[in-house]
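Worksheet: the structure to be examined is printed underneath.
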Amino acid sequence: MAVNKGINEDMKKNMKKSAKKGMIYTTVVLLFLTVLITVFYAYEGYKYGDRQDSIETRIKTMNEFIEDVHKDSLRAAYIAGFRTLIALEEHVSSTGEFLTDTNQYFRKAFYNGTIEGSTPEILYQSSFSTYLSRVNEKSGNIDVKINITVIEVNLYQSDPWNVRVDLLTNFSVIDKRGLAEWNYEKNLSTTIPIISLKDPLYSVETLGRVQSFIIPTNITEFVVNNDTDNLKEHIENGYYKTSTEAPNFLMRFEGDLSSNENGIESIVDISLLEKQEDIVIDYDRSVIDYVYFGTQATNNKCNIEDMPSWFKIDEEHINDYEINELTYIDCT
């Protein structure tokens, strides 16, 4: 019994030692696992955060690229539109014929760079479709596929001295890495001044020999104390003034001489026509351009004080140019 009692006590001591060692081992293992798990999740979190930063940077880069394309598209539309207007004027001047539909001609020349199947030199590599091709090439440098589709092109006179080009477009932008995709419609509008462009009405009616550049007049008083120097300066410089009775710039491409709220008019300098060959001059017409080149009947005034003998003006424009301050007679 004493032996058994001694054995039992030794066993109890060993069990206590084993339990103590087991507790220490378990604690060490748990501590190790805790450190391992912490390091693992910290590493994974770092990788996830780094990936998120990369995605955000990528999307930001694409957004900036798209914004640049928007701004660039407006510049391209302005350049293509401005050159198209010049090309259309050169076309009517060389053919001696007005356009049948200015908007239709403009759309084709603006987008494709062609007028009646031919590419004018001024539109070579300058059409809007050429610009879009360059954008597609550029987008490949940042692994982006972009497709801009022009749905509609509209041209109209926004005020007497400016025309406006409105584009309805569809933007499709795809990241080749599969991170993001955009697909949306966007309106692009640009305003083009007509100042210094040629008047197509003169180009057709004078067989392209007398070019009239559209310059707004800086003269506010045409006759001052019976002095007509300002009026003569207005005529000699080929200045234009606004008039709601006159056609606007775009209407002149079609030979449409009806009135418009954005109309402009000039005075035909008959002395310039007299220097040209093969131009029939009608000395009985009023010298207001859309009247002179038109067919409407007017009541004209002649022998106007201190003005050339060819200067005749219709009754409707007497006050506009302050002829009422001068002496004149009715034309017979």
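Would you confirm whether any residue within segment 214-236 is under 25 Å from residue 107 (Cα atoms) and either touching a strand residue (DSSP E or B) at 6+ places or on another chain (Cβ under 9 Å) or outside the structural domain of residue 135 (by TED's automatic domain parsing) (or both)?
Yes, because at least one residue in segment 214-236 is under 25 Å from residue 107 (Cα atoms) and either touching a strand residue (DSSP E or B) at 6+ places or on another chain (Cβ under 9 Å) or outside the structural domain of residue 135 (by TED's automatic domain parsing) (or both).
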Could you check, for segment 307-315, whether at least one of its residues is surrounded by fewer than 17 Cβ atoms within 10 Å (Cβ to Cβ) and among the polar types (S, T, N, Q)?
yes
Quick check, is residue 270 farther than 24 Å from residue 156 by Cα, β-branched (Val, Ile, Thr) and crowded, with 18+ Cβ neighbours inside 10 Å?
yes
Quick check, is residue 138 under 20 Å from residue 70 (Cβ atoms) and either charged (D, E, K, R) or assigned by TED's automatic domain parsing to the domain that holds residue 213 (or both)?
yes
For residue 183, only one of the following conditions fails: (1) polar (S, T, N, Q); (2) over 20 Å from residue 160 (Cβ atoms); (3) at pLDDT 95 or above. What is its number?
(3)
Could you please let me know if residue 66 is touching a residue at least 24 places away in the same chain (Cβ under 8 Å) and more than 29 Å from residue 262 (Cα to Cα)?
yes
Would you mind telling me which numbered condition in (1) surrounded by 14 or more Cβ atoms within 10 Å (Cβ to Cβ); (2) outside the structural domain of residue 60 (by TED's automatic domain parsing); (3) at pLDDT 95 or above residue 209 fails?
(3)
Residue 109 vs. criteria more than 23 Å from residue 255 (Cα to Cα) and in a helix (DSSP H, G or I):
no
Could you please find all residues in segment 96-152 being free of Cβ contacts under 8 Å to residues at least 24 places away in the same chain and of a type in the set (D, E, K, R)?
108, 121, 134, 137, 138, 152
Scan segment 159-180 and give yes if some residue there is within 19 Å of residue 269 (Cα to Cα) and either among the β-branched types (Val, Ile, Thr) or modelled with pLDDT under 95 (or both), otherwise no.
no
Looking at 114, 102, which one is outside the structural domain of residue 212 (by TED's automatic domain parsing), within 22 Å of residue 208 (Cβ to Cβ), hydroxyl-bearing (Ser, Thr, Tyr) and touching an Asp or Glu at 6+ places or on another chain (Cβ under 7 Å)?
102
State whether one or more residues within segment 265-287 are within 29 Å of the chain's Cα centre (by Cα) and modelled with pLDDT of 95 or more.
yes
Qualifying position, being at pLDDT 95 or above, polar (S, T, N, Q), on the phi < 0 side of the Ramachandran plot and out of contact with any helix residue (DSSP H, G or I) (no Cβ under 7 Å at 6 or more places or on another chain), among 100, 114:
100
Mind telling me which of the residues 189, 196 ends up being loosely packed, with under 15 Cβ neighbours inside 10 Å and without any contact (Cβ under 8 Å) to a residue 24 or more places away in the chain?
196
Would you confirm, using the coordinates I've provided, whether residue 70 is surrounded by 11 or more Cβ atoms within 10 Å (Cβ to Cβ), modelled with pLDDT under 95, of a type outside the set (Gly, Ala, Ser) and not in a loop (DSSP other than H, G, I, E, B)?
yes
Take the residues of segment 86-121 that are among the aliphatic types (A, V, I, L, M) and under 19 Å from residue 257 (Cβ atoms): which is surrounded by the most Cβ atoms within 10 Å (Cβ to Cβ)?
92
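The values are calculated or read from the model by the stated rules, or taken from the named source; none is laboratory data. Keep in mind it's a predicted model, so treat the numbers as computed, not measured. Positions of Cβ are backbone-derived with ideal geometry, glycine not excepted, and every protein chain shown enters the neighbour counts.
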